[in-house]
Amino acid sequence: MNIKLKREGGFTTVDIGIAMMIVIIFVGIMTSMLYSTYSSATEAKRTAIALNYAVDIFEKIGIEPYSNVSEEEILRGIKEINTGTIVSQGNDGGTNAKIGTYDINLKITDPYGDNKMKLVTLTITYPVSAKNTEKIELRRLKTFV
């Protein structure tokens, strides 16, 4: 009577191949999720910065007397707060400023021509990725009191 008690242990090539496929799929899914999260966070951060610039500009407009509300005056105050701003006259009649990668266009008009109200149109354009840009346009009225 011949009894063999030898066990053949270890992994086969098929076992290793299946394990590697599972790891590759898992790593691909995790990489995709991390990139998506990073992209969303970056976009949210850039939008928040753009909105902060808008709030700064509208606060400056709010504290200025009616007679001092002009494109150059408002953007000059923003230039003092945020270094690196370049102010120039825009083609559409507004005034352009650039803070980093944010392009700001401020246009102040008198909608009724009676010099009792100024319509402030603020447009901020900024890149959210290498291929896409976003644009925020806000309006506010400044009245003569």
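Read-outs: derived from the displayed coordinates by stated rules, not from any lab. All of these numbers come straight from a predicted model, not from anything done at the bench. Methodologically, a virtual Cβ is constructed for each residue, glycine included, from the backbone with ideal geometry; neighbour enumeration extends over all protein chains shown.
Using a simple spin-label model with pseudo-atoms 7 Å out from Cα toward Cβ, residue 101 and residue 72 lie 3.2 nm apart. A protection proxy built from the mean count of other Cβ atoms within 10 Å ranks the segments 35-42, 121-128, most packed first, as 121-128, 35-42. Counted by Cβ distance under 14 Å from residue 52, the other residues give a net charge of +1, where Lys and Arg count +1 and Asp and Glu count -1. For each pair in 98/118; 98/135; 60/98, compute the distance between the two Cα atoms and list the pairs where it is over 21 Å. Violating the 21 Å Cα-Cα cut-off are 98/118. Descending by average beta-carbon neighbour count within 10 Å, the peptides 24-31, 98-105 line up as 98-105, 24-31, the highest first.
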